[in-house]
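Below is one structure, written out as structure tokens; comments come after it.
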């Protein structure tokens, strides 16, 4: 599994670099690549995120699919093991994606996102979508890096007796032992 995490890290890094380059170029010119690059960056998130969600669920001992809204504690638990700069980068890209989406929405609503009649999305659309691509590729990179650095054998949270527990649990549901905050 360690080699697979390495592949995910490279995949997410390439996606992040491409989406960052597209985003920066969208400030100045129509990004190159046309529909193929736009569609490729958009769809390429899914092959990354399917295993990332499964790994994140393993890292959270199944607490991601409980129907409750994830908290900051869940994010901290998922990103524990990633370098601090990578965690801050991910938080920054998500904050930027929200602000970028608001600006994108305002410009589109006021008619500034008119088609360029070349068949490729206008620069404003590239700009709007690439903000989200950066957030999701950076989150995938941070989660994969955290999992790689922890090692596959240390992904699931366990009580002192080896039972699977949620990161939020203070006591093991099976044996009742106290779980240290670490």
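Of note:
- Cα→Cβ-extended label distance, 7 Å offset, between residue 37 and residue 150, nm: 3.6
- A crude spin-label estimate for the pair residue 110 and residue 161, with each label 7 Å from Cα along the Cβ direction, gives 6.3 nm.
- Remark: the residue 46-residue 178 segment gains 43.7 nm on full extension, using 0.36 nm per residue and subtracting the alpha carbon distance.
Read-outs throughout are calculated quantities, based only on the coordinates presented, and are distinct from any laboratory measurement. No experiment lies behind these values; they were computed from the predicted model shown. Glycine gets a Cβ as well: all are built from the backbone with ideal geometry, and neighbour counts include every protein chain shown.
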